[in-house]
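J.: Encoded as structure tokens, here's the structure I'll be asking about.
Bear in mind these aren't lab numbers, they're just calculated from the coordinates by the rules spelled out. Fair warning: this is a prediction, and the values are worked out from it, not measured in the lab. So basically every Cβ, Gly included, is an ideal-geometry build from the backbone, and we count neighbours across all protein chains shown.
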Amino acid sequence: MKRLVVCAAAASLLACVGPEEEILERYLLASQRGDSPTVAALSMVAFPEDDVQSWNILEISELPSEPYAIPVLRETVGLAEDERDAQFTVFGEFRRENYESLRRIQARLREELDYHFSGRLGELQDEWDAFRLERRQVVAKPHEAEVAFEREIRRVNKSLQRESNPEYLTGEMLLKNARVRVTTELGDGHFDFTLTRYALKNQFDALVPARWIITAVDKTS
């Protein structure tokens with residue numbers, strides 16, 4: 001019976017608070033109980049400390065909204081892929097035009113890794129090294145852009161509470177900061193929670209329902 005009374009009291013408390021406070025209460029309660037699935041459902045990050053004992057939400061303030069990032073991130077992926085493909089073309093042409101010389105250079109470097117040629121072979125060796133360095137950089141850019149793009153899609157879908165194709169949506173990202181005092185086994189600490197919600201419309205100009213989620217937790221003291 002006591003457990004039912006506690007649960008009923010907790011439900012009553014959550015019914016009296018706003019959606020931002022509710023998401024924080026549910027997140028911290030799940031962190032306290034070690035309920036990882038619920039934490040993952042409400043947030044992009046786990047609480048940074050163990051053994052959450054109690055907490056007190058001190059203040060929630062609005063932050064400037066930000067543009068909806070999905071279209072820009074999608075474009076960034078495309079531009080990075082175009083840059084990679086263009087560099088591969090130039091790299092391939094250089095290798096074909098200087099195949100025999102590059103073969104000599106590579107054969108010598110297999111025997112003596114730090115060897116540097118003089119004259120024309122030395123110039124080709126320097127160009128080859130520069131090309132390889134640039135190649136690594138342009139190969140990394142599409143991957144980094146894709147990771148950022150996929151992460152933002154996961155964040156949008158978590159706020160929308162469904163799997164969707166957010167590339168067709170338009171709007172903005174709303175942000176709030178919550179300052180919370182949390183007591184753990186390490187003592188009292190103050191934490192800043194970043195709360196995010198997407199205010200979006202679909203291609204029919206209809207609002208898409210979304211909720212607040214926690215996207216960052218930083219200890220401040």
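J.: Please list, in order along region 119-133, the HN-Hα scalar couplings obtained from phi with the Karplus expression 6.51 cos²θ - 1.76 cosθ + 1.60 (θ = phi - 60°), rounded to whole Hz, x for Gly and Pro.
T.: Calculated HN-Hα couplings, in order: x, 4, 5, x, 5, 5, 4, 5, 5, 4, 4, 5, 4, 5, 5 Hz.
J.: Going by amide H atoms built from the backbone, whose H comes under 5 Å of the H on residue 198, apart from near neighbours?
T.: Here the answer is 174, 211, since their amide H atoms fall under 5 Å of that of residue 198.
J.: While we're looking at this one, here's another question. Which value, in debye to the nearest 20, describes the size of the charge dipole of the chain about its Cα centre when Lys and Arg Cβ atoms bear +1, Asp and Glu Cβ atoms bear -1, and nothing else is charged?
T.: Details: 29 positive and 39 negative charges, 138 e Å.
Rounded to the nearest 20 debye, it is 660 debye.
J.: Would you mind checking the tilt of helix 99-111 against the longest principal axis of the Cα atoms of the chain, expressed as 0 to 90 degrees and rounded to 10?
T.: 70 degrees
J.: Along the positive direction of the dipole of the chain (beta-carbon charges: Lys, Arg +1; Asp, Glu -1; about the Cα centre), which of 99, 56, 194 reaches farthest?
T.: 56
J.: Let me ask something else about it. Kirkwood Rh over Cα pairs of the chain into Stokes-Einstein at 20 °C, 1.002 mPa s: D in µm²/s?
T.: Numbers: Rh = 21.8 Å.
My calculation gives 98 µm²/s for D.
J.: Report, in deg cm²/dmol and to the nearest 500, the calculated mean residue ellipticity at 222 nm for the chain, where each DSSP H run with n ≥ 4 adds -39500 (n - 2.57) and the sum is divided by the residue count. All intermediate terms of the calculation are to be shown ahead of the outcome.
T.: Values: 6 runs with 119 residues, N = 221.
Computed ellipticity for the chain at 222 nm equals -18500 deg cm²/dmol.
J.: Once the piece of chain linking residue 170 and residue 220 is laid out straight, how much longer is it, given 0.36 nm per residue of separation minus the C-alpha distance between them? If you can, show how the numbers build up before the last one.
T.: Values: separation 50, 0.36 × 50 = 18.00 nm, distance 3.38 nm.
Between residue 170 and residue 220, full extension yields 14.6 nm more.
J.: Given a Förster distance of 41 angstrom, what is the FRET efficiency for residue 59 paired with residue 116, based on the Cβ-Cβ distance and rounded to 0.05? The partial results should precede the final answer.
T.: On the way: r = 62 Å, r/R0 = 1.51.
With a Förster radius of 41 Å, E is 0.10.
J.: Connecting C-alpha atoms closer than 10 Å in a GNM of the chain, tell me which of 54, 118, 159 has the biggest fluctuation.
T.: Judging by the Gaussian network model, the answer is 118.
J.: Please go through region 43-110 and write out the chymotrypsin sites (Phe, Trp or Tyr not before Pro) that DSSP classes as loop and that have at most 15 other C-beta atoms within 10 Å.
T.: Numbers: sites: 55, 68, 88, 91, 94, 99; in loops: 68.
Here no loop site has a sparse enough neighbourhood.
J.: In what sequence do 104, 151 fall when counting other Cβ within 10 Å, fewest first? Walk me through the numbers on the way to the answer.
T.: Numbers: 104 15, 151 12.
The fewest-first ordering by Cβ neighbours comes to 151, 104.
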